[in-house]
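Below: one structure, written as structure tokens.
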Amino acid sequence: MSNATAIDGERRRRREGSDEGDDITNGQNRGEAKTKDLKGIITSLILIEEQEKQDRDEREEEAAEEKLDLDLNSKKKTKSMVEFYSNLQDYYTEIDEGDRLKRKRSRAMAASVAVATVDKEAQEGKPNKGSAGVGSGHQHRRLWVKDRSKAWWEECSSPDFPDEEFKKAFRMGKSTFDMICEELNSVIAKEDTTLRNAIPVKQRVAVCIWRLATGEPLRLVSKRFGLGISTCHKLVLEVCTAIRTVLMPKYLQWPNEDALMKIKDEFESVSGIPNVVGSVYTTHIPIIAPKISVSAYFNKRHTERNQKSSYSITVQGVVDPRGVFTDVCIGWPGSMNDDQVLEKSALYQRANGGLLKGDWIVGNSGYPLLDWVLVPYTQQNLTWTQHAFNEKIGEIHRVAKDAFARVKGRWSCLQRRTEVKLQDLPVVLGACCVLHNICEARNEEMDPELKIELLDDETVPEVPLRSGSSMKARDAIAHNLLHHGLAGTSFL
């Protein structure tokens with residue numbers, strides 16, 4: 001009995017040992033399975049990460065290639081436009097040279113005829129109707145000149161003429177007008193000759209300013225001042241050239257260091273954005289369709305809006321907080337977008353050379369984001385911070401747009417197609433910008449009836465973001481504005 005009990009106990013112990021071994025083996029198998037599954041998951045994650053990295057690298061390569069293609073296309077367009085503009089200038093230079101030679105021959109022929117006529121009359125002893133005796137019976141002979149009424153101008157130039165009426169006619173007071181005449185006197189003054197009396201300096205300047213202010217056709221300007229149509233046209237170009245030569249270096253130039261610090265402080269006090277030295281805007285000036293390269297000057301956006309063919313040239317300007325121009329770029333064809341005009345400007349070259357290092361010029365969405373050009377966010381679904389930033393950028397940019405509105409309102413010739421030749425337009429437009437600066441500097445208030453609303457379309461550039469550091473800087477400015485409560489109030 002005891003032996004049987006011992007044998008049963010032994011068998012029971014063996015079975016329990018076997019069960020424990022099986023449990024250990026099963027546990028080991030389960031641990032190995034878990035380890036294997038974990039390794040598989042890790043391997044899958046590594047493969048997924050490598051695939052994502054590969055896809056990201058491919059996307060970056062595609063983006064780089066696309067940007068390279070855009071840059072190449074942009075360079076090709078730029079090169080073709082420069083070549084076109086150069087050829088256009090050569091063409092007009094040849095025309096001007098031909099016209100100059102024709103006029104020279106005509107003057108020489110007229111002078112020879114006049115001399116021959118005087119000699120013949122002197123030999124025959126016949127008096128000349130236009131002669132006037134001087135001294136000891138010697139007679140100075142003059143060419144016959146058509147008698148035109150100068151009553152209107154004589155009334156305007158009289159000391160008793162009201163200053164308000166003068167300002168309404170010439171967009172500036174008498175003191176500002178006299179200052180301009182004094183500045184230009186040495187350049188545009190002419191001397192009397194034996195053939196005719198010279199046109200006074202004040203009348204010369206008045207013809208030009210009246211023409212720019214009203215945009216009246218030359219035949220009406222001719223009647224108003226009692227001068228010939230061709231004479232009025234010549235005076236406008238002469239005075240505009242003198243304004244660009246004499247007054248532009250004084251009244252339209254890039255600020256010095258002290259002036260820049262003042263400009264930065266004024267812009268920052270308005271917007272809260274630091275280191276802003278200017279606000280840039282590009283407007284279009286309507287022109288008559290040119291005889292060559294018509295497509296280059298065709299303004300598609302204005303044509304679509306006005307439902308009739310429109311041609312234009314561009315004027316890009318940078319202004320300070322008062323709306324005074326500190327830089328202008330004039331004359332590029334109207335088919336070019338704002339960013340293309342910017343790339344053609346001397347400001348672009350100077351800025352890339354280090355002129356604006358650490359400073360900003362604020363533009364609208366038609367300009368690209370550069371190391372020195374600050375523009376609003378243009379993507380969809382903007383954050384509150386980005387909306388707030390755009391609000392402040394808009395306040396700065398409105399300064400430039402309002403300045404151009406005053407320029408076009410004050411000088412009405414810029415609102416309509418002009419009789420001035422295409423190659424002479426940059427001189428005329430530059431004179432308008434200089435005269436605007438003079439009026440602003442001398443606090444010449446503009447008649448509210450002259451105010452206009454600008455309608456210049458903004459086209460987002462093909463590559464709107466061209467500087468990674470500027471993207472970070474713009475984000476930092478936006479967060480700083482919102483954090484310090486300097487923006488975003490319109491959303492509250």
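The values are calculated or read from the model by the stated rules, or taken from the named source; none is laboratory data. Predicted model, so just to flag it, every value in this text is computed and none were measured. Heads up, the Cβs are rebuilt from the backbone with ideal geometry, glycines too, and the neighbour counts pull from every protein chain shown. Surface accessibility is based on the protein's heavy atoms, side chains included, excluding ligands, DNA and RNA. Shrake-Rupley method; radii C 1.70, N 1.55, O 1.52, S 1.80 Å.
Under 5 Å between amide hydrogens, built in the peptide plane, is the criterion, and for Gly278 it picks out Val362 among residues at least 5 positions away or on other chains.
Take every Cα pair under 8 Å in the stretch 276-412 that's 6+ residues apart, average their separations, divide by the length, and report that relative contact order as a whole percent. Spell out each step's value before the answer.
Details: 213 pairs, mean separation 34.9, N = 137.
Relative CO of the stretch 276-412 lands at 25 percent.
Peptides 230-241, 201-212 ranked from most to least packed give 201-212, 230-241, packing being the mean of other C-beta atoms within 10 angstrom over each peptide's residues.
The stretch 368-432 and the stretch 283-343 have Cα centres lying 11 Å from one another.
The residue among Phe389, Asn306, Cys329 whose Cα reaches farthest toward the positive pole of the charge dipole of the stretch 297-407, with charges on the beta-carbon of Lys, Arg, Asp and Glu, is Asn306.
If each residue of separation counts as 0.36 nm, what is the full-extension length gain between Lys234 and Glu304 once their alpha-carbon separation is subtracted?
Extra length from Lys234 to Glu304 when fully extended: 21.6 nm.
Ordered by packing density, taken as the mean number of other Cβ atoms within 10 Å over each peptide's residues, highest first, how do 412-418, 168-174, 336-342 rank? Please report the intermediate quantities before stating the final value.
Numbers: 412-418: 17.0, 168-174: 18.7, 336-342: 22.3.
Highest-to-lowest ranking by the protection proxy: 336-342, 168-174, 412-418.
Note on the stretch 272-400: with neighbouring protein chains present and a 1.4 Å probe, carbon and sulfur make up 49 percent of its accessible heavy-atom surface. Normalised by the number of residues in the stretch 372-492, the average gap of Cα pairs under 8 Å and 6 or more apart makes the relative contact order 46 percent. Rounded to the nearest 20, the size of the Cβ-charge dipole of the stretch 346-488 about its Cα centre is 300 debye, with Lys and Arg at +1 and Asp and Glu at -1. With 24 Å as the limit, the listed pairs Lys53/Lys76; Lys79/Lys308; Lys264/Lys472; Lys79/Lys300; Lys344/Lys401; Lys67/Lys300 have Lys53/Lys76; Lys79/Lys308; Lys67/Lys300 beyond it between alpha carbons. For the stretch 291-412, the alpha-carbon coordinates run over 47, 35, 28 Å along the three principal axes, in decreasing order. The alpha carbon centroids of the stretch 176-209 and the stretch 216-230 are separated by 17 Å.
Solvent exposure of the stretch 297-368, expressed per residue, is 36 Å² of accessible area, with all protein chains present and a 1.4 angstrom probe.
Nearest 20 debye, what's the magnitude of the dipole of the stretch 191-269 about its Cα centre given +1 on Lys and Arg Cβ and -1 on Asp and Glu Cβ?
Working: 12 positive and 9 negative charges, 135 e Å.
With only Lys, Arg, Asp and Glu charged at Cβ, the dipole is about 660 debye.
Tell me the relative contact order for the stretch 332-414 as a rounded percent, counting alpha carbon contacts under 8 Å between residues six or more apart. About 19 percent, as a whole number.
Put simply, the amide H of Asp327, placed in the peptide plane, has neighbours under 5 Å in Val318, leaving out anything fewer than 5 places away on its chain. For the stretch 282-336, trypsin sites (Lys or Arg not before Pro) meeting the loop criterion (DSSP other than H, G, I, E, B) and having at most 14 other Cβ atoms within 10 Å: Lys291, Lys308, Arg322. The charge dipole of the stretch 152-306, taken about its Cα centre with unit charges on the Cβ atoms of Lys, Arg (+1), Asp and Glu (-1) only, comes to about 940 debye. Taking the charge dipole of the stretch 140-241 about its Cα centre, with +1 at Lys and Arg Cβ atoms and -1 at Asp and Glu Cβ atoms, the residue from Ser158, Ser230, Leu212 reaching farthest to the positive side is Ser230.
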